[in-house]
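Okay, structure first, notes after.
The values are calculated or read from the model by the stated rules, or taken from the named source; none is laboratory data. Bear in mind the structure is a predicted one, so any value in this text is a computation, not a measurement. Cβ coordinates were reconstructed from backbone atoms using ideal geometry, including for glycine residues, and neighbour counts include every protein chain displayed. Only protein heavy atoms, including side chains, enter the accessible area calculation; ligands, DNA and RNA are left aside. Shrake-Rupley method; radii C 1.70, N 1.55, O 1.52, S 1.80 Å.
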Amino acid sequence: MVKKLISKLFGLDGSDADRFQAPPPGEADPVMLVEFLTYSLAGSKKEVKVKAREEGSDLLIQIFCAKSDMGRIIGKKGRTISAIRQLATDAAARKKQKLKKLDVVEP
């Protein structure tokens, strides 16, 4: 049911919807959330990669995407990336982590 909802909301076909599975109830995964949101926004989905590194309780996330998709992910005046940052910060807090940095990087 979640896969159908995701595919309807974001226009993903069946193979893309299988890539993202909902985490168990009460457990938020900030890296999976960032990957899902950036993948949904990007035009060239094959070039989107999200890498995460943990340093103690701190979490560092890097988004690698095509140069043509950077504008979509960052958004006008940085509003989209700010919203993604806020969602990832909240998801990390639920896992008792702190999102130290979330960057968009051109490969």
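Odds and ends about this structure:
Results for (1) surrounded by fewer than 17 Cβ atoms within 10 Å (Cβ to Cβ); (2) farther than 20 Å from A42 by Cβ; (3) not hydrophobic (A, V, I, L, M, F, W, C), shown as yes or no for each residue.
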| residue | (1), (2), (3) |
| --- | --- |
| S57 | yes, yes, yes |
| Q62 | yes, no, yes |
| M70 | yes, no, no |
| T80 | no, no, yes |
| K95 | yes, yes, yes |
| K98 | yes, yes, yes |
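- Taking the stretch 46-55 as the range and being touching a helix residue (DSSP H, G or I) at 6+ places or on another chain (Cβ under 9 Å) and open to solvent by less than 100 Å² (accessible area, probe 1.4 Å) as the test, the residues that pass are E47, V48, V50, A52.
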